[in-house]
Amino acid sequence: MHGDFVRSVARLIDLTPESTEAEKQQHAIESELMAALSDGGRQAGESLVRSLSEHGYELVRVRPCLWRVELPPPRVLELWFNPPKDPIIAALSYRKGTPWGTPSQKRVAERQEAFYARYEKLIPIDDSAVATLSTEDRLIFVIGEFEADINNGGFGQYLDNKGTERAQEALGYLEVIDARRTARWLSSALEAAEDSAALERLDRQFFNKPQDLASLVMRHLTKRSKR
């Protein structure tokens, strides 16, 4: 598994950053990392990332779960995953630019950490108890479970697991936090019903152009608290 992961990264580095081919390879690597996290948790994810240094890549740990693979500038390659068990999130950035650490990037990281910390405290929870959550916690929970289910099995799995009523609630929250693109996909999924081909297309769109729902939720809550 480690060898396959290293070869996947090597193929990515041979491609032009932010090209269509590079984006496809980037998502393939993210899927490999998420599979490792799903099977073995944080330890398996860290082992997979560390295998890059064992094969000659210079690896720098920037944050507890964020690493940079040193490349000649202006190319930047960074890998990140979240330590909580659920939802499992892994991301890779291969681009031209500056390494992670700008004020804007740090603000985003802080929002993400705050969101997942609050979401983790809410799970597991019985459906009957969801109605008792505060307005803020319910927003975090509904968006968190939506993201977790989509990442795990796509829109079809989410709708099967949570049903139309919860999906409609999630749609309303997505509109509230201004996640318009994701809201359109969920709306289309609700209309597609059991059209597996349409749902698979929506899954690809979600994975190819994901929105940072965690940051959008926390930004919305921050603005709301200042009113």
Residues other than Asn208 with Cβ under 10 Å of its Cβ, Lys/Arg counted +1 and Asp/Glu -1, net out at +1
Most mobile of Pro72, Pro83, Pro99 in a GNM of the chain (Cα contacts under 10 Å): Pro72
Quick check for segment 105-226: number of Lys pairs with alpha-carbon distance under 24 Å, counting only pairs 8 or more apart or on different chains? 7
Could you put Glu46, Glu120, Glu191 in order, starting from the residue whose Cβ has the fewest other Cβ atoms within 10 Å? Glu191, Glu120, Glu46
Considering segment 2-100, what Rg and Dmax in Å follow from its alpha-carbon atoms? 12.5, 35
Determine the dipole magnitude for segment 105-226: charges of +1 sit on the beta-carbon of Lys and Arg, -1 on that of Asp and Glu, nothing else is charged, the reference point is the Cα centre, and the result goes in debye to the nearest 20. 860
Return a whole-number percent for the relative contact order of segment 2-100, with Cα pairs under 8 Å and 6 or more residues apart as the contact set. 24
Using a simple charge model, +1 on the beta-carbon of Lys and Arg, -1 on the beta-carbon of Asp and Glu, nothing else, what dipole does the chain show about its Cα centre, in debye to the nearest 20? 1160
Comparing Pro210, Pro64, Pro103, which has the greatest mean-square fluctuation in the GNM of the chain with Cα pairs linked when under 10 Å apart? Pro103
Project the alpha carbons of the chain onto their principal axes and report the range along each, largest first, in whole Å. 52, 42, 30
Could you identify which residue out of Val69, Val130, Val142 has the top mean-square fluctuation in a GNM of the chain using Cα springs shorter than 10 Å? Val130
Plugging the Cβ-Cβ distance of Leu71 and Ser47 into 1/(1 + (r/R0)^6) at R0 = 22 Å yields, to the nearest 0.05, a FRET efficiency of 0.50
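In the neighborhood of Gln157, defined by Cβ-to-Cβ distances under 10 Å, what is the net charge if each Lys or Arg adds +1 and each Asp or Glu adds -1?
So the surrounding residues net to -2.
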Where does the charge balance sit around Leu133 when Lys and Arg score +1, Asp and Glu -1, over other residues with C-beta under 14 Å from its C-beta? -2
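Computed from the coordinates by the stated procedures, all read-outs in this text should not be read as laboratory data. Keep in mind the model is a prediction, meaning the values are calculated, not measured. Because the Cβ atoms are built from the backbone with ideal geometry, glycine has one as well, and the counts that use them run over all protein chains shown.
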